[in-house]
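Asker: After the structure tokens below, expect a handful of questions from me.
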Amino acid sequence: MATPQQPLFDSTQFDPGRTELPQVELVKSIGKASDVIVGLATSKGRPTLIGASPEVERLVGRGGQLLAALAEQGAQPEIDKITYLNLPGVRVLAVGLGDSLDLSPEDLRRAAGIGVRHATASTSPSPRRVVVSLEASSDAQLQAVVEGALLASHGFVPLRRNPPARAIESIGVIGSSRTSQQALEAGRSVAQAVCVARDWTNLPANLLGPSDLVEQARTYLKDQRVEVEVLDERALAKAGFGGLLAVGGGSARPPRLLRLDFHPRGARKHLVLVGKGITYDSGGYNLKPAESLLTMKHDMAGAAAVIAATHAIAERGLAVHVTTYAPIAESMISGTAYRPGDVLTIYNGTTVENIDSDCEGRIVLADALARANEDRPDLVVDVATLTGACVVALGTRVGGLMTNEDATADQLLDAAEIAGEEFWQLPITAQIRSQLASEVADLRSKKDRFGGALFAAAFLQHFVADGTSWAHLDIAGPAWNREGAHDYVPTQATGAGVRTLIALAQSMAG
Ligand code: BES
Ligand code: MN
Ligand code: ZN
């Protein structure tokens, strides 16, 4: 007789606070490591090892000669190349670093990531104890190594009846006399936030609807000094959030507006974060084609990023006032769904002609941006998987950045560089702005397919108060890795945007 089916997964059992990362600690020696990661660069035309301390050298035998042993394995110092040296009880992984000894934090983040990602691939012995020896001599370098190592240790886990065993038990990082425990903690906090954002984004839409994401956020933030406020569909109707209600109106699972507030003592600046939280984007009556439907559970990656970043900002106690909004809805088709041609009234009274129900992201963001003006912030940053056009323009690994002033673009680009994320500025031109005019409402939600990323940004800008600095990050490309894992980036959800937002908050902290 058949046994009743157990649900594979229940989102209430998924505790994001326990997104399990390996233990990470500062170590002085390689101890009982199963894998030791070192670097291999070219200096003055010769292969040179990075991080091969006398202790590591001795792994090959009493006299050393690690470089010669690696050369026998065909070791190459080229970036991304990796060479294994299996020794009794331990394996050395030499990661190619290219031909400069002047390594940026991102070089180190990638090198640590490549090493750890390869370490996760071996199963015996399991789980592995990895030591990363890459001569991290400053706190910025150490933080980057910790981030790269942890980010590479985590990835998409299939929802199977018998979940796979964890591959890595612990990561030891060899620092220097100038590196601190604080830098290690900062790296751990950042990596944890990215991995939680990934885990939420990877959850299929049947297991993560609007109220589930809200509950995940509550659970995750319960130990932080972050105020959590949630508007349900009745509160949304009362307050006039006509965009979010329209987009979420077709779903049996009603929309939510999540608002978080972290207001530490000593904060001089006020940063507002806004993240697109479409837990599933069917396109609505402008139904998406089959291949696009398959991965549209990830359309809440922006909301995941801002919630997770808020956690890290609070956990690290950065002295900046952060208010975070996540407009969360499921865009479905039904008798109560919104239609092309409908006119919607946004929170600030602006009316919008809904040209295409697949433009749901800008509609829910408009409501949240209009609400955010009431907080009178110094800077508003929204993050959204907003347009396929941005992916066409910049590819899958570079996010779009659009702002209402160049100084803000520079501020975001600096933060992204520190964080090791790539964004490229796109313009909001007068011609594109002129396309917002509608014959039946204040604005239209779409024009044509030309400059689609720019039009969406122009639409959003309309809801930001004059005089407020604003940046829009379109992460439709980098939020989702449809190829294999690379560097410290796993397949599927990547946690894009989280690190840039944390670095931005750090730059604003007093
Ligand atoms: N969520 C999509 C954008 C998207 C596309 C994200 C690909 C990730 C990967 C968004 O809601 C959308 O559907 N945008 C439309 C806009 C169009 C109707 C103007 C698009 O990009 O086609
Ligand atoms: Mn859409
Ligand atoms: Zn969408």
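The values are calculated or read from the model by the stated rules, or taken from the named source; none is laboratory data. In this text the structure is predicted, and so the values were computed from the model without any measurement. Cβ atoms come from the backbone with ideal geometry, glycine included; neighbour counts cover every protein chain shown. Calculation scope for accessible area: heavy atoms of the full protein, side chains included, ligands and nucleic acids excluded. Shrake-Rupley method; radii C 1.70, N 1.55, O 1.52, S 1.80 Å.
Asker: Can you tell me which residue in the range 371-391 is least open to solvent (accessible area, probe 1.4 Å), limited to those that are more than 12 Å from ligand 3 (Cβ to nearest atom) and in a loop (DSSP other than H, G, I, E, B)?
Answerer: Selected residue: 377.
Asker: Give just the number: which of (1) over 18 Å from the mean Cα position of the chain (by Cα); (2) more than 15 Å from ligand 1 (Cβ to nearest atom); (3) surrounded by fewer than 22 Cβ atoms within 10 Å (Cβ to Cβ) does residue 337 not satisfy?
Answerer: (2)
Asker: If you don't mind, there's one more thing I want to ask. Looking for something under 21 Å from residue 302 (Cα atoms), in contact with a Phe, Trp or Tyr (Cβ under 8 Å, 6 or more places away or on another chain) and more than 16 Å from ligand 3 (Cβ to nearest atom) - is there at least one such residue anywhere in the range 229-239?
Answerer: Looking for residues that are under 21 Å from residue 302 (Cα atoms), in contact with a Phe, Trp or Tyr (Cβ under 8 Å, 6 or more places away or on another chain) and more than 16 Å from ligand 3 (Cβ to nearest atom), one finds at least one in the range 229-239, hence yes.
Asker: While we're here: With the checklist (1) open to solvent by 50 Å² or more (accessible area, probe 1.4 Å); (2) out of contact with any helix residue (DSSP H, G or I) (no Cβ under 8 Å at 6 or more places or on another chain); (3) touching a residue at least 40 places away in the same chain (Cβ under 8 Å) in hand, flag the one item residue 434 doesn't pass.
Answerer: Residue 434 satisfies all of (1) open to solvent by 50 Å² or more (accessible area, probe 1.4 Å); (2) out of contact with any helix residue (DSSP H, G or I) (no Cβ under 8 Å at 6 or more places or on another chain); (3) touching a residue at least 40 places away in the same chain (Cβ under 8 Å) except (3).
Asker: If you check residue 502 against the conditions, is it farther than 30 Å from residue 112 by Cβ, buried (at least 18 other Cβ atoms within 10 Å of the Cβ) and either touching a residue at least 24 places away in the same chain (Cβ under 8 Å) or within 24 Å of the chain's Cα centre (by Cα) (or both)?
Answerer: no
Asker: Restricting attention to strands (runs of 3 or more DSSP E) lying wholly within the range 243-299, give those where 2 or more residues are within 16 Å of ligand 3 (Cβ to nearest atom) and surrounded by 24 or more Cβ atoms within 10 Å (Cβ to Cβ).
Answerer: Those strands (runs of 3 or more DSSP E) span 270-275, 277-281.
Asker: List, please: which pairs have Cβ atoms under 8 Å, are six or more places apart or on different chains, and start with a residue in the range 128-142 that is over 21 Å from residue 49 (Cα atoms) and charged (D, E, K, R) and end with one that is open to solvent by 40 Å² or more (accessible area, probe 1.4 Å) and in a strand (DSSP E or B)?
Answerer: Every condition considered, the pairs that remain are 128/169; 129/169.
Asker: Are any of the residues in the range 352-370 away from ligand 1 (no atom under 14 Å from the Cβ), among the hydroxyl-bearing types (Ser, Thr, Tyr) and either touching a helix residue (DSSP H, G or I) at 6+ places or on another chain (Cβ under 9 Å) or open to solvent by 10 Å² or more (accessible area, probe 1.4 Å) (or both)?
Answerer: No, the conditions are met nowhere in the range 352-370.
Yes/no matrix, rows are residues, columns are (1) at pLDDT below 90; (2) outside any helix (DSSP H, G or I); (3) open to solvent by less than 90 Å² (accessible area, probe 1.4 Å):
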site: 7; (1), (2), (3): yes, yes, no
site: 17; (1), (2), (3): yes, no, yes
site: 25; (1), (2), (3): no, yes, no
site: 30; (1), (2), (3): no, yes, yes
site: 33; (1), (2), (3): no, yes, yes
site: 48; (1), (2), (3): no, yes, yes
site: 80; (1), (2), (3): yes, yes, yes
site: 91; (1), (2), (3): no, yes, yes
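Asker: Among residues belonging to the range 50-61 that are small (Gly, Ala, Ser) and either at positive phi or assigned to a strand (DSSP E or B) (or both), point out the one that is surrounded by the fewest Cβ atoms within 10 Å (Cβ to Cβ).
Answerer: 61
Asker: Can you find, within the range 130-164, the residue that is surrounded by the most Cβ atoms within 10 Å (Cβ to Cβ) among those that are part of a loop (DSSP other than H, G, I, E, B) and of a type in the set (A, V, I, L, M, F, W, C)?
Answerer: So the residue we want is 136.
Asker: Given the residues 173, 196, which is the only one that is at pLDDT 95 or above and either assigned to a helix (DSSP H, G or I) or out of contact with any helix residue (DSSP H, G or I) (no Cβ under 8 Å at 6 or more places or on another chain) (or both)?
Answerer: Being at pLDDT 95 or above and either assigned to a helix (DSSP H, G or I) or out of contact with any helix residue (DSSP H, G or I) (no Cβ under 8 Å at 6 or more places or on another chain) (or both) holds for just one of 173, 196, which is 196.
Asker: Let me spell it out: the conditions are (1) touching an Asp or Glu at 6+ places or on another chain (Cβ under 7 Å); (2) within 16 Å of ligand 2 (Cβ to nearest atom); (3) of a type outside the set (A, V, I, L, M), and residue 347 meets all of them except one. Which number is the exception?
Answerer: With (1) touching an Asp or Glu at 6+ places or on another chain (Cβ under 7 Å); (2) within 16 Å of ligand 2 (Cβ to nearest atom); (3) of a type outside the set (A, V, I, L, M) applied to residue 347, the lone miss is (2).
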